[in-house]
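Participant: Take this structure, written in structure tokens, and hold onto it; I'll ask about it next.
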Amino acid sequence: MLVLVVDSSTPAVTAALVEVSADGVVARAQRCTVDARAHGELLAPQVDAVLADADARPGDLAAIVAGLGPGPFTGLRVGLVTAATMGQVLGIPTYGVCSLDGIGHPVAAGEPVLAASDARRREVYWAVYDGAGQRIAGPNVDSPAVAAERARGLAVTVVVGDGAHRYADVLGLPVREEPRYPDVMALARLAAERIRAGAPGEPLTPLYLRRPDAVAATGHKPVLP
């Protein structure tokens, strides 16, 4: 089954085409551009590009997998709206995976790991994974110091992700170089069981974890005396 995977929860805007079979998940094409201000401009062309790279059409897709975040409001919604719209138009299921799982799961190798992405405002989105890659804490948004304290309480020995690189001095743990951003192959593998089983599509509910900066006015100020 041909599956489209998208993630826009971090500055890395990513689209990939994978083949899911009983034997595993195989990459067919992938595009990734790191640009925190161009999610809306980049994602749709990247989807077109991976389809062209694999000589495939939208009608060949059997499912769509999307990273649910956590991530900043504006960027994250680009990927989720794209995935949900394509799924509805094509009549195929959509499946969501926590984007931090795409960072922490591939690194887990016997010991707990902290995955952290930059949440701006001097904070990180974070989650902790056990040695088997299962999430045991998070996702949360906190200062790096709070995330580090929680991680040490769970015997974490290594950190990974762009937030880990940005706040390495505060986290105070060895930093793994990769993956810096969500690994779309990991997202696909984490959704593969649902895809193979033909599970019903899921609502792609974003993990914003905090309110957007822009909010609607709650009242009107009089302008006349």
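Participant: Over the chain, give the accessible area per residue in Å² for a 1.4 Å probe, as an integer.
Facilitator: Details: 11040 Å² over 225 residues.
Spelled out: the 1.4 Å probe surface of the chain, per residue, equals 49 Å².
Participant: Please report the projected area of the range 121-167's Cα convex hull averaged over all directions, in nm².
Facilitator: 3.0
Participant: Rounded, prolate or oblate: which one fits the chain, using the alpha carbon gyration tensor with axes a ≥ b ≥ c (rounded when a/c is under 1.5, else prolate when a/b beats b/c, else oblate)? Present the calculation step by step, with values, prior to reporting the outcome.
Facilitator: Working: a/c = 1.91, a/b = 1.10, b/c = 1.73.
It comes out oblate by the Cα gyration axes.
Participant: For the range 54-115 and the range 20-53, what is the centre-to-centre distance using only Cα atoms, to the nearest Å?
Facilitator: 11
Participant: A further question on this structure: For the chain, modelled as a GNM with alpha-carbon contacts under 10 angstrom, which of A145, A22, A38 fluctuates the most?
Facilitator: Greatest mean-square fluctuation among the candidates belongs to A22.
Participant: Let me ask something else. What ranking, highest mean first, results for peptides 70-80, 45-55 when packing means the other Cβ atoms within 10 Å averaged over each residue?
Facilitator: Working: 70-80: 22.5, 45-55: 16.3.
For the peptides 70-80, 45-55, the packing ranking is 70-80, 45-55.
Participant: Please find the FRET efficiency linking A145 to V34, where r is the Cβ-Cβ separation and R0 is fixed at 22 Å, and quote it to the nearest 0.05.
Facilitator: Result of the calculation: an efficiency of 0.25.
Participant: Could you calculate the contour length gain from F73 to M1, that is, 0.36 nm times the residue separation minus the distance between their Cα atoms, to one decimal place in nm? Don't skip to the end; give the middle numbers.
Facilitator: Values: separation 72, 0.36 × 72 = 25.92 nm, distance 3.11 nm.
Gain on stretching F73 to M1: 22.8 nm.
Participant: In addition: Among H39, H105, H165, which one moves the most in a GNM of the chain with springs linking Cα atoms closer than 10 Å?
Facilitator: H165
Participant: Could you check which residue among G163, G87, G110 shows the biggest mean-square fluctuation in a GNM of the chain with a 10 Å Cα cutoff?
Facilitator: Fluctuation is largest for G110.
Participant: Let me ask something else about it. How large is ³J(HN,Hα), in whole Hz, for each residue of the range 57-72 in order, when computed from phi with the Karplus curve 6.51 cos²θ - 1.76 cosθ + 1.60 and θ = phi - 60°, using x for Gly and Pro?
Facilitator: 10, x, x, 7, 6, 9, 6, 10, 10, 10, x, 8, x, x, x, x
Participant: Sticking with this one: Over the chain, calculate the relative contact order: mean separation of alpha carbon pairs under 8 Å at least 6 apart, over the residue count, as a percent. Could the numbers behind the result be given before it?
Facilitator: Numbers: 499 pairs, mean separation 47.8, N = 225.
21 percent.
Participant: For Y181, Y129, Y167, give the ranking by accessible area with the largest first, probe 1.4 Å.
Facilitator: In descending accessible area the options line up as Y181, Y167, Y129.
Participant: Same structure again: At a Förster distance of 35 Å, what's the computed FRET efficiency of R152 paired with V89, Cβ-Cβ distance as r, to 0.05?
Facilitator: 0.15
Participant: Next question. R210 to D60: FRET efficiency via 1/(1 + (r/R0)^6), r the Cβ-Cβ distance, R0 22 Å, to the nearest 0.05?
Facilitator: So, using R0 = 22 Å, E works out to roughly 0.05.
Participant: Counting only complete DSSP H runs, which helices of the chain cover 24 Å or more along their long axis at the Cα atoms and score a mean Kyte-Doolittle of -0.5 or above?
Facilitator: The qualifying helices are 73-90.
Participant: Still on this model: If the viscosity is 0.692 mPa s and the temperature 37 °C, what Stokes-Einstein diffusion coefficient in µm²/s follows for the range 18-131 when Rh is the Kirkwood radius over Cα pairs?
Facilitator: 207
Participant: Still on this structure: Going toward the positive end of the dipole of the chain, with +1 on Lys and Arg Cβ and -1 on Asp and Glu Cβ, which of V158, P144, T10 do you reach last?
Facilitator: Most positive-ward Cα: P144.
Participant: Need one value: the accessible area of M185 in square angstrom, 1.4 angstrom probe, rounded to the nearest 10.
Facilitator: My reading of the accessible area for M185 is about 30 Å².
The values are calculated or read from the model by the stated rules, or taken from the named source; none is laboratory data. All values derive from a computational prediction rather than experimental measurement. We place every Cβ from the backbone using ideal geometry, glycine too, and count neighbours over all the protein chains shown. Calculation scope for accessible area: heavy atoms of the full protein, side chains included, ligands and nucleic acids excluded. Shrake-Rupley method; radii C 1.70, N 1.55, O 1.52, S 1.80 Å.
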